[in-house]
Amino acid sequence: MKKFVAASLAVCMSLTPFTVYAGKNDAKNSKTETEVESTEAETEYDENGTHTVVDHAGNTVEVPNHITRVVIDQIPILSTYMSYFGGSAPYIVGYCGSFKDTITKTVLKDIAPELMESADTVYAQSDLNIEEIMNLKPDVILYNAGNTAHAEILQSSSIPCIGFATVGADTAADPLERYQQWLDLLEDVFGEDGKMDDFKKAGNEIIEDVEDRIAEIPEDEHPSAMILWKYSDGVPQVSGNGTFGTYWLQHLGVTDVVVDEAQGFTQVDMEQVYSWNPDILFLDGPGLLSLTTEDVLENKVEGADFSTLTAVQNGRVYDTTLGMWNWFTPNPDAPLVFAWLACNTYPDAFADYPLEDTIKEYYKDWYDYEVTDEYLEEMLQY
């Protein structure tokens, strides 16, 4: 069975001084469409000026037109940010320090080595040091819209703070939609409406192709599945209702065995896992989960015996490793993630799916990155 690890690189772009800002939220109702287009075409923005953005927390935020210093709080947005800026990390002067260890396990360290060289990882996952952040003099701070405690501290600095939704937001935490919502908000922040439209369209074409193939599979051939999110000290944590995993399994058309009994990321005991007994077990991979397919299939998991599960007995345990980031979270390779999941879930129906070619073309067309056969083999872990 083929396994693919997404290594989200990025869509090329270099930031130039703003010539026009035509954000999604600032159209003037008093002007005709022609007048608006004319104004957009002719008006040069004052790079010392500002524009307003409505973030995913519903806040209206005034941000500079010319942004050159960015701090990123605890949101897994680095790969999406890089897809916006062509595989580099411009303007980032600080980010959540606990991410640095994660980056060492990802392709980010090769694509944007400046992230590894930077000493500006200013705080750990839970320890927010607003003084250090202010010393970095950021133009904007990008943060997790669902973390109200962090939001209050960050906003007290009077630095423009833009909230990006993860889980627990008013909108569904669907990874196939969330990364596009992040791109849309980055367009608003940097004043480049529509910049990523072609990239999103290409991803949607892959998604639609996979969905069409799944739709042709008879219902009685749709398996049940479960995502093991974390495992620590003998205690499993599953990806329950409302999490990213919920939506991956919905898109696959499988029976999510935990969705009616677990809300959010939920700790359960092994007896509960035995009772669910999924046909397929997806492991969330390094960064959140240290277990591997080999650990589970060979019954090497300390404190737990997975050997009685149908998924284990049939060899249907699949784990991801880190590409650009943890793979089940939103990232700009989400269409490829969906294709990989479908290939593993429905191996017969997707036997002719050109996964390798799709990956290579996507990376070349949108990230200007050549995926070698050697690297592809590592990605797919043959």
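The values are calculated or read from the model by the stated rules, or taken from the named source; none is laboratory data. Small disclaimer: the values here were computed from a predicted structure and weren't measured. Neighbour counts run over all protein chains shown; Cβ positions are idealised from the backbone, glycine included.
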Query raised in the report: Quick check, is residue 349 modelled with pLDDT of 90 or more and either among the charged types (D, E, K, R) or surrounded by 20 or more Cβ atoms within 10 Å (Cβ to Cβ) (or both)?
Result: no
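Tell me which residues, restricted to region 344-359, are outside any helix (DSSP H, G or I) and among the aliphatic types (A, V, I, L, M). Please lay out each step first, then the result.
Start the filter on region 344-359 by keeping residues that are outside any helix (DSSP H, G or I), which leaves 346-354.
Selection gives 349, 351.
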Query raised in the report: Somewhere in region 293-315, is a residue in contact (Cβ under 8 Å) with a residue 40 or more places away in the chain, surrounded by fewer than 22 Cβ atoms within 10 Å (Cβ to Cβ), within 30 Å of residue 208 (Cα to Cα) and of a type in the set (A, V, I, L, M, F, W, C)?
Result: no
Report summary line: For residue 153, the lone unmet condition from (1) in a helix (DSSP H, G or I); (2) modelled with pLDDT of 95 or more; (3) more than 21 Å from the chain's Cα centre (by Cα) is (2)
Query raised in the report: Of all residues in region 87-100, how many are in contact with a helix residue (DSSP H, G or I) (Cβ under 8 Å, 6 or more places away or on another chain) and either among the aliphatic types (A, V, I, L, M) or not in a strand (DSSP E or B) (or both)?
Result: 6
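Of the residues 191, 168, which is within 21 Å of residue 141 (Cα to Cα), over 14 Å from the mean Cα position of the chain (by Cα) and modelled with pLDDT of 95 or more? So that I can check it myself, show each step before the final result.
Numbers: 168 fails: modelled with pLDDT of 95 or more.
From the options 191, 168, the qualifying one is 191.
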**Report entry** Matching residues in region 86-103 - criterion: being surrounded by fewer than 18 Cβ atoms within 10 Å (Cβ to Cβ) and among the hydroxyl-bearing types (Ser, Thr, Tyr)
**Finding:** 91, 98
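From 219, 261, which residue is farther than 22 Å from residue 345 by Cα and free of Cβ contacts under 8 Å to residues at least 60 places away in the same chain?
Working: 219 fails: farther than 22 Å from residue 345 by Cα.
None of the others qualify; the one that does is 261.
With the condition being farther than 30 Å from residue 82 by Cβ, I'd like the helices (runs of 4 or more DSSP H) fully within region 215-327 carrying at least 2 qualifying residues.
On the way: elements: 244-252, 270-276, 293-297, 310-313.
Counting at least 2 such residues, we get 270-276, 293-297, 310-313.
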Query raised in the report: What number of residues in region 222-262 are polar (S, T, N, Q), surrounded by fewer than 19 Cβ atoms within 10 Å (Cβ to Cβ) and either touching a Leu at 6+ places or on another chain (Cβ under 8 Å) or more than 25 Å from residue 301 (Cα to Cα) (or both)?
Result: 3
Query raised in the report: Between a first residue in region 61-76 that is closer than 16 Å to residue 187 by Cα and surrounded by 19 or more Cβ atoms within 10 Å (Cβ to Cβ) and a second residue that is at pLDDT 95 or above and of a type in the set (Phe, Trp, Tyr), which pairs have beta carbons less than 7 Å apart while being 6 or more apart in sequence or on different chains?
Result: 67/190
